[in-house]
Amino acid sequence: MAEVYNRKMTESTKAPAGKLHSYVNLYLTNVKRHWMLYLMVLPGVLFYLVFKYVPLAGSVIAFQNYQIFKGITGSAWVGLDNFRFIFTYQDFYHVLRNTAMIALYQLVFGFPAPIILALLLNELRIMLAKRVIQSLFYLPHFLSWVVVGGIVFELLSTQGVANMVRGWFGLEPILFMQEQAYFRTIVVISSIWKEIGWGTIIYLAAIAGINPNLYEAAVMDGANRWKQTIHITLPVMFPTILVLFLLNIGNFLELGFDQIYNLLTPMTYSVGDIIETYVYRAGVLQGQYSVTTAIGLFQSVIGFTLLWIFNRMARKTEQGLW
């Protein structure tokens, strides 16, 4: 009996090892068979490892009084003092409010814009016109925010197109870039103008994958183009829209430094100063590395929380990222 028991125990301990060995062999065989695909994916994997995962080790700075000449190992640990500081610092709430307001405007007005443009382009039947319009909308994506910021300043200057049109109606010129009331609107519109064409690529790809037989059946049932869009195009696009929405909501408080920095003026700091511009001033210019790292961790926690909440809601429709 003892021998039988020992043999069974030996087999049970060997089974997982044997199973793991078979998985490794299967994986290596798959790599050898599809090595070109793995080679194509390798640059993307290395990018995320080097620029996304390795820098996570630097997050410990948020719990230290980091001194650049002492490094991480030589800097003193302060626990949660940096987080207590940012949550009791009055200007932080002001910056957080600006960031949340602009992010909300971009989500409400900027996120649906590529969807609407993709639906409109899908209705064009003249292929040459469709390709020309697509190209014109794609081009701004390849311009840096330095160039776009310069264009915006020129268009909205006292001698710019906007004030020229106002002059036709006998209205006085407005310094749009110096007025707080216009700043957030300018940010949202310039962001839409720059990225709307690039955002349509995925949606147009989703539309292109729709079975034409669905539209033919809808025409036989008497559905017009509007009803076809509502009952066929949008439902098929919904999984793509949902995934991209979740990816956007995960970066809710990360507006990007380039755009805001190139559009900000001293007169619009009260409504345009966001977390990224504050981190630049406090971290790069003033050397408060620990405080700015704590702010970055706060942004990440908020983004992950929003992503988790909306992903749980999306799972009720049998969609979601995980």
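The values are calculated or read from the model by the stated rules, or taken from the named source; none is laboratory data. It should be emphasised that the depicted structure is a prediction, and the values quoted were computed from it without experimental measurement. Quick reminder, even Gly has a Cβ in these numbers, built from the backbone with ideal geometry, and neighbours come from all protein chains shown. The accessibility values were calculated without ligands, DNA or RNA, using every heavy atom of the protein model including side chains. Shrake-Rupley method; radii C 1.70, N 1.55, O 1.52, S 1.80 Å.
Just to be sure I understand the filter: pairs with C-beta atoms under 8 Å, separated by 6 or more residues or on different chains, first member in region 213-237 and under 25 Å from Thr200 (Cα atoms) and without any contact (Cβ under 8 Å) to a residue 24 or more places away in the chain, second member open to solvent by less than 90 Å² (accessible area, probe 1.4 Å) and not in a helix (DSSP H, G or I). Which pairs pass? These pairs meet every condition: His231/Ala223; Ile232/Ile210. Of everything in region 48-92, what is of a type in the set (Gly, Ala, Ser) and over 10 Å from Ala294 (Cβ atoms)? Give them in sequence order. Hits for region 48-92 are Ala57, Gly58, Gly71, Gly74, Ser75, Ala76, Gly79. Evaluated against (1) under 23 Å from Phe92 (Cα atoms); (2) of a type outside the set (Gly, Ala, Ser); (3) buried (at least 16 other Cβ atoms within 10 Å of the Cβ), Leu242 falls short on exactly one condition, (1).
Each row is one residue, and each column tells you yes or no for (1) at pLDDT below 90; (2) open to solvent by less than 20 Å² (accessible area, probe 1.4 Å); (3) touching a Phe, Trp or Tyr at 6+ places or on another chain (Cβ under 8 Å); (4) more than 30 Å from Gly149 (Cα to Cα).
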position	(1), (2), (3), (4)
Arg184	no, no, yes, no
Thr200	no, yes, yes, no
Gly209	yes, no, no, yes
Ala223	yes, no, no, yes
Lys227	no, no, no, yes
Ile230	no, no, no, yes
Leu255	yes, no, no, no
Tyr261	no, no, yes, no
Val271	no, no, yes, no
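Taking region 208-244, which residues are over 30 Å from Gly110 (Cβ atoms), among the hydrophobic types (A, V, I, L, M, F, W, C) and in a helix (DSSP H, G or I)? Of everything in region 208-244, those that are over 30 Å from Gly110 (Cβ atoms), among the hydrophobic types (A, V, I, L, M, F, W, C) and in a helix (DSSP H, G or I) turn out to be Ala217, Ala218, Val219, Met220.
Of all residue pairs spaced 6 or more apart or on separate chains, those with beta-carbon atoms under 9 Å, a first member in region 78-104 that is free of Cβ contacts under 8 Å to residues at least 24 places away in the same chain and among the hydroxyl-bearing types (Ser, Thr, Tyr) and a second member that is surrounded by fewer than 18 Cβ atoms within 10 Å (Cβ to Cβ) and part of a helix (DSSP H, G or I) are Tyr93/Phe87.
So for region 279-288 (the condition being assigned to a helix (DSSP H, G or I), modelled with pLDDT of 90 or more and open to solvent by less than 20 Å² (accessible area, probe 1.4 Å)), does at least one residue qualify? No, there is no match, as no residue in region 279-288 is assigned to a helix (DSSP H, G or I), modelled with pLDDT of 90 or more and open to solvent by less than 20 Å² (accessible area, probe 1.4 Å). When Ile192 is tested against (1) touching a Phe, Trp or Tyr at 6+ places or on another chain (Cβ under 8 Å); (2) more than 15 Å from Ala118 (Cβ to Cβ), exactly one condition is not met: (2).
For region 113-171, filtered to residues that are within 30 Å of Phe238 (Cα to Cα) and in contact with an Asp or Glu (Cβ under 9 Å, 6 or more places away or on another chain), the residue that is surrounded by the fewest Cβ atoms within 10 Å (Cβ to Cβ) is His141. Could you say whether any residue in region 90-103 is more than 30 Å from Thr229 (Cα to Cα), at pLDDT 90 or above, open to solvent by 60 Å² or more (accessible area, probe 1.4 Å) and within 21 Å of the chain's Cα centre (by Cα)? Checked region 90-103: at least one residue is more than 30 Å from Thr229 (Cα to Cα), at pLDDT 90 or above, open to solvent by 60 Å² or more (accessible area, probe 1.4 Å) and within 21 Å of the chain's Cα centre (by Cα).
Conditions (1) in contact with a strand residue (DSSP E or B) (Cβ under 8 Å, 6 or more places away or on another chain); (2) open to solvent by less than 100 Å² (accessible area, probe 1.4 Å); (3) farther than 30 Å from Gln180 by Cβ, marked per residue:
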| position | (1), (2), (3) |
| --- | --- |
| Tyr38 | no, yes, yes |
| Phe51 | no, no, yes |
| Ser75 | yes, yes, yes |
| Val78 | yes, yes, yes |
